[in-house]
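Structure, as structure tokens:
The values are calculated or read from the model by the stated rules, or taken from the named source; none is laboratory data. Just so you know, these numbers come straight off a predicted model, no measurement behind them. Glycine gets a Cβ as well: all are built from the backbone with ideal geometry, and neighbour counts include every protein chain shown. Surface accessibility is based on the protein's heavy atoms, side chains included, excluding ligands, DNA and RNA. Shrake-Rupley method; radii C 1.70, N 1.55, O 1.52, S 1.80 Å.
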Amino acid sequence: MNLRCITREPFELPADIVEHLEQNSEIVTFRKNETILSAGELDAPFYFISAGLARLYYPPENDDETEETILFGEAGNIAAALSNFMLGLPSVFGVKAVTPVKAYRIKADVIRNLYRIDHTFCRWLMELSLIQIAHFEIRHTYFTDKDPYQRFIKFMRFKPKSYLRRVPGYIIASYLSITPNEYYKVKEKYENDHLNVPYDKEFLDAVGLTGFAPEE
């Protein structure tokens, strides 16, 4: 996916803005499990994901804890450290590649200057940020039930089945805030119950999120 395709959501950016972003970008690649953006990073760039699957994570506070996966990002998504970009603070979250990832890396100052001087880009960035908040709201629905099995079923509703093939179980477990052992138990129960919870494309279409989690 090239930069022009990436910047068609939430609406298509004008050609001159896309060209400016292209001229101020570099293409970078990351191996599976490689860190794209580190928690605690300062002067963090923006990453426009061209291919692959990445995850936003919260680092463990001590050796007894594990990383908490917050969100997944696919081709067409943008990864950025907003606490650093907006507040000048160290990045709260980190980003890692789940599969090999290819992305356009653009310095934060390029994005900052554009959103300050260009009204269209400012609106585009605002709408993109609101969609990100919507992602957080949908993720919250996974945690309204304390039963790990129900969390898994909700995961199947809002994520395509390809995630079970592409994402290691321990990462899905961290996303659902359950242990890997609990994850494999509920996955086995789901399969033994012969459930086929449909991917809720209709709902995600209604809120404009389907394109941010395409099934492969």
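Mean-square fluctuations from a GNM of the chain, with a 10 angstrom spring cutoff on Cα atoms, peak among Asn113, Asn192, Asn24 at Asn192.
Modelled spin labels at Thr99 and Ile117, positioned 7 Å past Cα toward Cβ, are 3.8 nm from each other.
Taking one quarter of the surface of the C-alpha convex hull of region 99-202 gives a mean projected area of 8.8 nm².
Can you tell me the orientation of helix 108-117 relative to the chain, as the angle in degrees between its alpha-carbon axis and the longest Cα principal axis, to the nearest 10? Taking the Cα atoms of the chain, the angle to 108-117 is about 60 degrees.
Take Thr29, project a point 7 Å from its Cα along the Cβ direction, then tell me which residues of region 102-144 have their backbone nitrogen under 17 Å from it. The answer is 102-105, whose backbone nitrogens lie closer than 17 Å to the label point.
What is region 25-90 by shape, rounded, prolate or oblate, if you read a ≥ b ≥ c off the alpha carbon gyration tensor as root eigenvalues and call it rounded for a/c under 1.5, prolate for a/b larger than b/c, and oblate otherwise? Note, shape of region 25-90 comes out oblate.
Lys pairs in region 66-216, Cα-Cα under 14 Å, at least 8 apart or on separate chains: how many? Qualifying lysine pairs in region 66-216: 6. The string of couplings for region 196-203 from the Karplus curve (6.51, -1.76, 1.60, θ = phi - 60°) is 9, 5, x, 5, 7, 4, 4, 5 Hz, one whole number per residue in order, with x for Gly and Pro.
Compute the angle between helix 119-140 and the longest alpha-carbon principal axis of the chain, please, reported from 0 to 90 degrees and rounded to the nearest 10. Roughly 10 degrees between the two axes.
Structure remark: mean-square fluctuation, Gaussian network model of the chain, C-alpha springs under 10 Å; the largest value among His194, His20, His140 belongs to His194. Using the Stokes-Einstein relation with a Kirkwood hydrodynamic radius computed over Cα pairs, the translational diffusion coefficient of the chain at 4 °C and a viscosity of 1.567 mPa s comes to 71 µm²/s.
Counting only protein heavy atoms and using a 1.4 Å probe, the accessible area of Arg139 comes to about 30 Å². Structural size metrics of region 1-49, computed from C-alpha coordinates, are Rg and Dmax of 12.9, 35 Å.
Does region 9-127 classify as rounded, prolate or oblate by the C-alpha gyration tensor (a ≥ b ≥ c root eigenvalues; a/c under 1.5 gives rounded; else a/b over b/c gives prolate, otherwise oblate)?
Judged from the Cα gyration tensor, region 9-127 comes out prolate (a/c at least 1.5, a/b above b/c).
Would you please classify the overall shape of region 128-175 from the alpha carbon gyration tensor, given that a ≥ b ≥ c denote the square roots of the eigenvalues, rounded means a/c under 1.5, and beyond that prolate means a/b larger than b/c while oblate covers the rest? Since a/c reaches 1.5 but b/c is at least a/b, the shape of region 128-175 is classed as oblate. Taking every alpha-carbon pair under 8 Å whose residues sit at least 6 apart, the chain reaches a relative contact order of 22 percent. Here each label is just a point 7 Å from Cα along the line to Cβ, and for Ser177 and Ser129 those points are 2.5 nm apart.
Coupling constants for region 145-150 follow from the phi torsions by the Karplus curve (6.51 cos²θ - 1.76 cosθ + 1.60, θ = phi - 60°), and in residue order they are 10, 7, 6, x, 5, 5 Hz; glycine and proline get x.
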